[in-house]
Amino acid sequence: MSPMEAFSFERRITTPSEINRRVKQLIEGEIDELWVRGEISNFTRAASGHLYFSLKDSTAQIRGVMWKGNAQRLRFQPADGVEVEIRGKLSVYEPRGEYQLNAAEMSPAGLGALYMALEALKRKLAAEGLFDQGRKRQFPAFPIVVGLVTSPGGAAVRDLIRVARRRWPSVRLVLAPTRVQGEGSAVEIAAAIELMNRWGQADVLIIGRGGGSMEDLWAFNEEIVVRAIAGSRIPTVSAVGHEVDVTLSDLAADVRAATPSNAAELVVPDAREWSERIERLNRQLNRAVVDGLTIRRRRIESITATHGFKRPRDFLTQEAQRVDDLARRLALGTERRLIDARRRASDLDRRRQPALRNLLTRSRARLDRLSAQLGSLDSTAVLSRGYALVLRADGSSVVTTAGDLRPEDRLMLQFALDRAAVRVESTIPGGPGDI
Amino acid sequence: MPPKSNAKSDPESAAPSFEAALTRLEEIVNRLERGDITLDESLAVFREGSDLVKQCLARLTRAEATVLELIAGEGGLPATTPARPGLEGDDDALV
């Protein structure tokens with residue numbers, strides 16, 4: 001055994017790598033995940049997206065890192081001097097023998113506890129089913145009274161009123177005023193929602209406030225408000241002005257709007273859109289009634305043309321003209337009525353009303369007579385009395401005289417209910433036969 | 001979420017709600033367009049349809065929006081009062 005060997009046996013020599021590995025095992029094995037509070041310094045955001053910083057208090061500091069994936073979920077911007085609370089685990093960076101705090105989550109100091117309470121409340125209410133999609137109700141397409149639960153002093157209420165009135169000028173808005181931030185505001189909001197429900201005349205409730213920090217919006221995360229919204233018999237729209245954070249009120253409401261203005265747009269229909277629709281219906285209405293008259297006129301014409309009923313012919317042509325005339329005057333009349341309605345919506349034109357009514361009454365009497373005549377002159381009524389109509393075999397025209405026929409011509413006899421195909425044997429000149 | 005149907009009547013007037021009037025107007029137009037209707041009926045429903053058009057347009061242009069405040073009145077009962085100044089101002093609101 002050489003002296004060197006004996007020496008090395010007594011000194012247990014290790015290496016930096018091994019020490020770091022053992023320290024790493026020791027620290028990571030013994031110290032569980034923890035929450036640490038401290039002030040950020042030496043903050044840098046690497047090109048890779050990872051965050052590096054130190055966390056210090058008045059007498060000490062440790063190094064910290066937050067990997068890109070967690071950094072992307074941050075809801076605030078960390079910076080030097082900011083007091084934060086970090087959830088993380090200690091680890092050792094072996095190449096340098098440095099230990100560091102590996103941060104999973106970070107929030108401004110003080111909010112951390114609040115967020116944890118919020119998550120706990122969210123889980124509890126979700127478990128009760130308060131946020132279930134199945135609970136979501138629809139609200140009326142044309143609400144007559146819209147309830148507002150918000151602050152009477154904020155920009156939010158003015159935005160709501162302005163947008164709602166612009167869309168539907170006769171909308172009725174009822175505001176249940178409440179504070180929306182600060183101590184006790186949650187109780188007030190819940191009371192305002194309950195008051196609206198006791199009053200019971202609103203068709204839909206818009207509950208919210210303008211944008212603000214998460215602390216400003218906190219009342220809308222409080223259990224009493226969330227339960228009041230979930231318990232409202234009137235459908236609810238939440239309008240808490242903040243794009244990033246979703247409050248528990250948003251989850252409990254039937255519909256979530258991003259801002260108060262957006263809520264007014266969702267709830268109040270647009271009168272301009274609907275007046276276009278009404279005018280389209282009005283044009284359809286006029287066209288349909290005129291078309292109906294045109295079809296009747298054509299029926300009269302086809303009777304006079306094909307069947308050659310001599311005596312009533314004049315009467316029918318005259319009535320056809322009257323139908324035309326009526327159609328024209330009707331269209332003219334409604335056109336005027338529409339213009340009138342639009343110009344002076346609430347003021348009836350008292351002189352035109354009786355005139356139009358008379359016109360319609362007279363026209364109706366005339367058309368009633370015409371309808372009766374049509375009934376008696378209808379060809380099937382004649383045919384069922386034992387007459388038959390003689391047509392060319394292809395049905396193209398009526399044959400009114402044997403002079404038009406030659407032997408072997410093919411013809412069709414139209415009876416009241418059916419027809420027969422026949423062939424001409426011979427034609428006999430002379431006057432009407434003795435039937 | 002599509003808004004649901006609300007056929008209830010305007011509580012302050014005997015006239016049908018806008019939505020009820022609209023629904024009836026659509027029925028009338030459909031019926032006239034189908035054409036299975038007598039002359040008598042077509043004139044009667046036409047007249048009704050024209051009235052509905054007039055009513056609906058009047059409803060859309062009527063600018064009588066009100067803003068009220070709901071407060072807990074005597075015994076905590078809900079009561080409405082005119083909105084405080086600055087909320088009801090027509091000129092501001094309609095700009």
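Worth a mention:
- Filter result (of a type outside the set (G, A, S), closer than 17 Å to A:E279 by Cβ and facing another protein chain (nearest Cβ under 7 Å)) within the range B:29-53: B:V29, B:L32, B:E33, B:F46, B:V53
- Cβ-Cβ under 7 Å pairs, at least 6 apart or on other chains, the range A:224-252 side modelled with pLDDT of 95 or more, far side of a type in the set (D, E, K, R) and surrounded by fewer than 22 Cβ atoms within 10 Å (Cβ to Cβ): A:A228/A:E194; A:P235/A:R137; A:P235/A:D254; A:T236/A:D254; A:V237/A:D254; A:S238/A:R256
To keep it simple, each residue is scored yes or no on (1) among the aromatic types (F, W, Y); (2) at pLDDT below 95; (3) buried (at least 18 other Cβ atoms within 10 Å of the Cβ).
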site: A:D80; (1), (2), (3): no, yes, no
site: A:S91; (1), (2), (3): no, yes, no
site: A:R96; (1), (2), (3): no, yes, no
site: A:A109; (1), (2), (3): no, yes, no
site: A:L114; (1), (2), (3): no, yes, no
site: A:G147; (1), (2), (3): no, no, yes
site: A:R165; (1), (2), (3): no, yes, yes
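- Scanning the range A:167-188 for residues that are surrounded by fewer than 23 Cβ atoms within 10 Å (Cβ to Cβ), at the interface with chain B (Cβ under 7 Å from one of its Cβ atoms) and not β-branched (V, I, T) gives A:P169, A:S170, A:R172, A:P177.
- Flag if A:G200 is at pLDDT below 90 and under 24 Å from A:R227 (Cβ atoms): no
- Among the residues of the range A:196-205, the ones that are over 24 Å from the mean Cα position of the chain (by Cα) and buried (at least 22 other Cβ atoms within 10 Å of the Cβ) come to 1 in all.
- Yes/no for A:V146 being touching a Gly at 6+ places or on another chain (Cβ under 6 Å), closer than 22 Å to A:V267 by Cα and within 14 Å of chain B (Cβ to nearest Cβ): no
- The set of residues from the range B:38-81 being free of Cβ contacts under 8 Å to residues at least 24 places away in the same chain, more than 17 Å from A:P143 (Cβ to Cβ) and not in a helix (DSSP H, G or I) comprises B:T38, B:E69, B:I71, B:A72, B:G73, B:L77, B:P78, B:A79, B:T81.
- Residues within the range A:62-82 that are assigned to a strand (DSSP E or B) and more than 44 Å from the chain's Cα centre (by Cα), tallied: 4
- B:P82 modelled with pLDDT of 85 or more, surrounded by fewer than 17 Cβ atoms within 10 Å (Cβ to Cβ) and farther than 16 Å from A:D159 by Cα: yes
- Residues in the range A:24-58 that are under 15 Å from A:P108 (Cβ atoms), among the hydrophobic types (A, V, I, L, M, F, W, C) and loosely packed, with under 15 Cβ neighbours inside 10 Å: A:W35 alone.
- Here the range A:150-166 is the region considered, the condition is being at the interface with another protein chain (Cβ under 9 Å from one of its Cβ atoms) and not small (G, A, S), and the residue that is nearest to A:G212 (Cα to Cα) is A:V157.
The values are calculated or read from the model by the stated rules, or taken from the named source; none is laboratory data. Remember, it's a predicted structure, so these values are computed and weren't measured experimentally. FYI the Cβ positions are ideal-geometry reconstructions off the backbone, even for glycines, and counts take in every protein chain you see.
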